[in-house]
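Q: Please see the structure below; I have some questions.
Just so you know, all these numbers are worked out from the coordinates, no wet-lab data involved. None of these values were measured; they are calculated from a predicted model. Using ideal geometry, Cβ is built from the backbone for each residue, glycine included, and neighbour counts are taken over all protein chains shown.
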Amino acid sequence: MRVALHTRVRADRIPEYEAAHREVPPELTAAIRAAGATAWTIWRSGTELFHVIECADYGRLLSELAELPVNVAWQVRMSELLDVAHDYSSEGAGAGLPVVWEL
């Protein structure tokens with residue numbers, strides 16, 4: 001399945017956000033893959049962040065990562081940089097952006 005998400009970085013924290021993503025812990029990327037993701041891309045337009053996640057089951061991905069210590073630590077770090085964060089709660093599983101058009 002493919003899921004699109006929207007988050008927002010704080011305007012004064014863009015350089016830190018981008019630097020953090022150049023140093024994503026290998027343990028986190030391994031956990032994301034183990035939870036079923038095959039790809040995760042983030043685009044930035046100003047402060048707006050758009051994510052596209054390719055995964056087997058987005059709900060499973062969230063539930064497996066939600067309490068994982070390496071992800072919890074990453075989310076704490078991201079919470080300092082974001083105005084709108086990725087929702088890892090059970091409600092977040094339905095929070096993807098609706099598809100408007102595909103080719």
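Q: Obtain the radius of gyration and the Kirkwood radius of segment 11-61 from its C-alpha atoms and give Rg over Rh.
A: Expressed as Rg/Rh, it is 1.02.
Q: A further question follows. For a footprinting-style exposure proxy, rank THR29, THR47, THR7 by other Cβ within 10 Å, fewest first.
A: Going from least to most buried by this count: THR29, THR47, THR7.
Q: In addition: Identify the GluC sites (Glu not before Pro) of segment 42-91 meeting these criteria: DSSP loop state and at most 13 other C-beta atoms within 10 Å of the C-beta.
A: GLU67, GLU80
Q: Once you charge only the Cβ atoms, +1 for Lys and Arg and -1 for Asp and Glu, what is the size of the charge dipole of segment 2-86 about its Cα centre, to the nearest 20 debye?
A: My answer is approximately 160 debye.
Q: Continuing with this model, one more query. Could you work out Rg/(2.2 N^0.38 Å) for the chain, with Rg from alpha carbons only?
A: Expressed relative to 2.2 N^0.38 Å, the Cα Rg reads 1.04.
Q: Within the chain, which is the longest segment containing none of the trypsin sites (Lys or Arg not before Pro) that sit in a DSSP loop and have at most 16 other Cβ atoms within 10 Å?
A: Answer - 23-103.
Q: What list of ³J(HN,Hα) couplings, whole Hz, do you get for segment 42-52 from phi and the Karplus terms 6.51, -1.76, 1.60, once you set θ to phi - 60° and write x for glycine and proline?
A: 10, 10, 10, 10, x, 9, 7, 10, 10, 10, 10
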